[in-house]
Amino acid sequence: MEDRYPLLNLIHSPADLRSVPDAGLSQLAAEVRRLIIEVVSIRGGHLASNLGVVELSIALHREFSSPQDRIVWDVGHQCYTHKILTGRRESFYTLRRKGGLSGFPKRAESVHDVIETGHSSTSISAALGLLTGQELLGGKGRVIAVIGDGALTGGMALEALNHAGHLGKRLIIVLNDNAMSISHNVGALSSYLSRLSAGRLYRNLRTTIDTTLKNVPYGDRLAGVVKRVKRSAKAVLYRETLFSDLGFGYVGPLDGHNIPLLREVFRSLLEVDRPVVVHVFTKKGKGYTYAEDNPTAFHGITPFSIRDGKVEKKDPPGYTEHFSRVLCDLAGSDPRLIAITAAMSKGTGLAAFQEKFPDRFFDVGITEQHALTFAAGLAAAGMRPVVAVYSTFMQRAADQLIHDAALPRLGLTLIMDRAGLVGGDGETHQGLYDIALFRSIPNIRFLAPSGAAELELMLRYAVSLDGPALIRFPKAPCTNITSVPVPPLEEGRGVFARTGQGAVLILALGPLRAEAEAASDILAAEGLGADVYDMRFIKPLDTAYLKSILARYEAAYLVEDGVKSGGLGTEIGDLIQGWRLPLVYAHGGAPDAFLSQADRQELLADCALDARGIALAIQKLTGDIDKPFPGPALLRRAT
């Protein structure tokens, strides 16, 4: 390793960058890029976005003095170089692993991570708040927000731009323009930024004229004439920008991989007393051919072969793939069906729909709030919109779901992918809060499938409704748990997965049905019979039917892939108490804490939501805790 990273091994803090000669910075960039590719090929993670900002990160840390100067990374999935340069090189091999480095900025990791980020469009607001607070306390450091052109489409970023321009403080915004978020950017603002690249033409023209004048007789005498020509060219090719209109100075567009140029610009801003936007162009996947050619595939990737760029182990088909297939089938027979994504057509499974039905597909950019209200408008017009979004990002559109969809009872379907425990990405991406957030909203149906057949049933049901329906599922393999035909959907009711086993009932929500059945096997080996009931519905609940089922048992235990506090288990506990049923009841879910990165199975075990944890909880609930727990062989078969 010492020979492969001779310069990088000397960097233990940003201050060490000053000992690297200017001529060595490009070599340092190559070493950083090599390390990122090596680690992500083993651990998985965000590759293309990180390869695109290596030089930008080096230039920022060379010219500014973190942590006195504070750098806020929007989203944060491009922070790997930042982490490597700020004392975390040696632990970089633990990236995204349990107990290791987070793939996003994390305040508990380093003083150089000043703001927790993981969702987009927050950096300008946070940076402006940091700067304002610092000034009020008498501090003098600079604050820099690094935001991508995709994140700039978010309404919060535009709100912050407006406020920052109004305050006129010395905020530096680095606009990292790579024409992409995860999928290719869309929208008027993206087109506007593209038009600003005409500035390159002006800049090239200016450079050519200046160089030529130096070699022409009477060049100084001609300079006044040429200056007027240059001003005319600038007026045509490089007009005043949106940022200028908002009160910002504007520099760019610049080559985001040119370290000397970036350093020169950043150095010139140290004493500027107004807000400034530095517009840089970068290439996602820079330096690794496969990532450059397919930045969407290499945005977030599982372990892969560096030699050929191929993923080493393909996961079995997941819920996302099954959703994609069923949605396309439905759209083929219903011309009213519309699909909407917020800049994540591939991640949410809508890429196939986009290809087959381009006129009925809408990518609205990173604007979850707009996506929901846009869908509500489509529903009001008589269409059947389906909005696909990650659970963690849906948190940002709670008001739109309540005010614009549920209140007027408009028929839209909300698909929440990556619901529940999400491996790898850590606290900011856990999809644990949607049940507690949304189950109390009137006029909605809220469902959780346990496999592919149930997902198809639920999607067909949802798009037929005249009110909003929510379907949540995890990033996990999706199979039919049983070969027995899947019973039809009955509103508010679930189905028995196992019955006649004993006096204990395990109520399982969605994909935790598999863990519940495995727990039933473990308990059966210990002489404790447990039936399993697949809830299917979060809302509405057929309470009379549920009461009749629970009345048959001496004990019941509910498991859900969401926060325990305020979830479905809480509601059922309240019902049981109100009914005064003579049974012992408890429920399991995620704890009242933010969960760090680990793989999904590790997270399930940590939350006692795997088969072993469920079995132990039921043994404790029933008082059957003196018997020896089954050995490893049985556990392997059960899980």
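Here are some notes:
- For first residues located in the range 541-555 and over 13 Å from E490 (Cα atoms) and free of Cβ contacts under 8 Å to residues at least 12 places away in the same chain, partners that are part of a helix (DSSP H, G or I) and polar (S, T, N, Q) and lie 6+ apart or on another chain with Cβ distances below 8 Å do not occur.
- Residues of the range 420-469 satisfying the condition of being among the charged types (D, E, K, R) and closer than 30 Å to R336 by Cα: D434, R439, R445, E454, E456, R460, D466
- Within the range 35-75, the set of residues being of a type in the set (F, W, Y) and either under 20 Å from the mean Cα position of the chain (by Cα) or on the phi > 0 side of the Ramachandran plot (or both) comprises W73 only.
- Subset of the range 362-386 (residues that are under 18 Å from P335 (Cβ atoms), without any contact (Cβ under 8 Å) to a residue 60 or more places away in the chain, in contact with a Leu (Cβ under 7 Å, 6 or more places away or on another chain) and among the aliphatic types (A, V, I, L, M)): A375, A379, A380
- Identity of the residue in the range 153-181, among the aliphatic types (A, V, I, L, M) and touching a Lys or Arg at 6+ places or on another chain (Cβ under 7 Å), that ends up surrounded by the most Cβ atoms within 10 Å (Cβ to Cβ): I172
- When each of L56, L130 is tested for being crowded, with 19+ Cβ neighbours inside 10 Å, farther than 19 Å from L254 by Cβ and at pLDDT 95 or above, the lone residue that passes is L130.
- Every condition in (1) in contact with a Lys or Arg (Cβ under 9 Å, 6 or more places away or on another chain); (2) over 28 Å from A388 (Cα atoms); (3) buried (at least 21 other Cβ atoms within 10 Å of the Cβ) holds for L270 except the one numbered (3).
- Out of L595, L568, L581, L546, sole residue that is touching a strand residue (DSSP E or B) at 6+ places or on another chain (Cβ under 8 Å) and either charged (D, E, K, R) or outside the structural domain of K106 (by TED's automatic domain parsing) (or both): L568
- Residue match in the range 26-34 (condition: closer than 24 Å to V265 by Cβ, basic (K, R) and either in contact with a Cys (Cβ under 8 Å, 6 or more places away or on another chain) or surrounded by fewer than 24 Cβ atoms within 10 Å (Cβ to Cβ) (or both)): yes
- Qualifying residue in the range 80-89 (condition: crowded, with 24+ Cβ neighbours inside 10 Å, in contact with a Pro (Cβ under 8 Å, 6 or more places away or on another chain) and among the aliphatic types (A, V, I, L, M)): yes
- For the range 420-437, the criterion of being part of a helix (DSSP H, G or I), touching a strand residue (DSSP E or B) at 6+ places or on another chain (Cβ under 8 Å), of a type outside the set (D, E) and at pLDDT 95 or above is met by at least one residue.
- Filtering the range 510-536 to residues that are within 23 Å of Y319 (Cα to Cα) and out of contact with any Asp or Glu (no Cβ under 9 Å at 6 or more places or on another chain) leaves A514, E517, Y533.
- Test: residue in the range 463-475 that is under 21 Å from A586 (Cβ atoms) and either buried (at least 17 other Cβ atoms within 10 Å of the Cβ) or free of Cβ contacts under 8 Å to residues at least 60 places away in the same chain (or both): no
- Residue selected from the range 588-626 under the condition touching a residue at least 40 places away in the same chain (Cβ under 8 Å) and among the β-branched types (V, I, T), by the criterion surrounded by the fewest Cβ atoms within 10 Å (Cβ to Cβ): T622
The values are calculated or read from the model by the stated rules, or taken from the named source; none is laboratory data. Only a predicted model underlies this, so the values are computations on that prediction, with no experimental measurement involved. Ideal geometry is used to build each Cβ from the backbone, glycine not excepted, and the neighbour counts take in all protein chains shown.
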